[in-house]
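Structure first, then comments.
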Amino acid sequence: MSVPLEYEVTAPGPGAGPTEEDPLSEQNTKASDPRSAEEIESDIAASRARLSADVEEFVDRVQPNRVKERVIGEAKEFASTEFDNAKAQFVEDHKPRWDRIALVGGAVVGSAVFVLVLRAIVAAARNKSGN
């Protein structure tokens, strides 16, 4: 299967020199770019440095060990923040908030009593059905 070409690329013949249509010809480059060769070389060096930094940053972002370290760091930061938020619910001005501590303690004791009563009921039902 052949794909039709929209553009045809041709090379200049052996006697052809730079033309005005050729954007890279010496005449057009010198006439359209007022920068000196040193300025152009400096710009190219700066572009290379930026590209190198971008490539290094990309490699750093996708390297598995770096990704792992970043995720672990974010998880630690999240856990620390949540711990501080929870701690703030029970400590105010470096003093315990006994009302909140008592509320949580009561909930824990109530849950424990509920589990023990439920276990006793289930054990009694098993003993009754087994006899």
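Some points to look at:
- For VAL71: the one exception among (1) part of a helix (DSSP H, G or I); (2) surrounded by 10 or more Cβ atoms within 10 Å (Cβ to Cβ); (3) at pLDDT below 70: (3)
- Residue within segment 81-96 that is without any contact (Cβ under 8 Å) to a residue 40 or more places away in the chain, of a type in the set (Lys, Arg) and touching a helix residue (DSSP H, G or I) at 6+ places or on another chain (Cβ under 7 Å) present: no
- Some residue of segment 36-57 being in contact with a helix residue (DSSP H, G or I) (Cβ under 8 Å, 6 or more places away or on another chain) and either among the hydroxyl-bearing types (Ser, Thr, Tyr) or part of a helix (DSSP H, G or I) (or both): no
The values are calculated or read from the model by the stated rules, or taken from the named source; none is laboratory data. None of these values were measured; they are calculated from a predicted model. Heads up, the Cβs are rebuilt from the backbone with ideal geometry, glycines too, and the neighbour counts pull from every protein chain shown.
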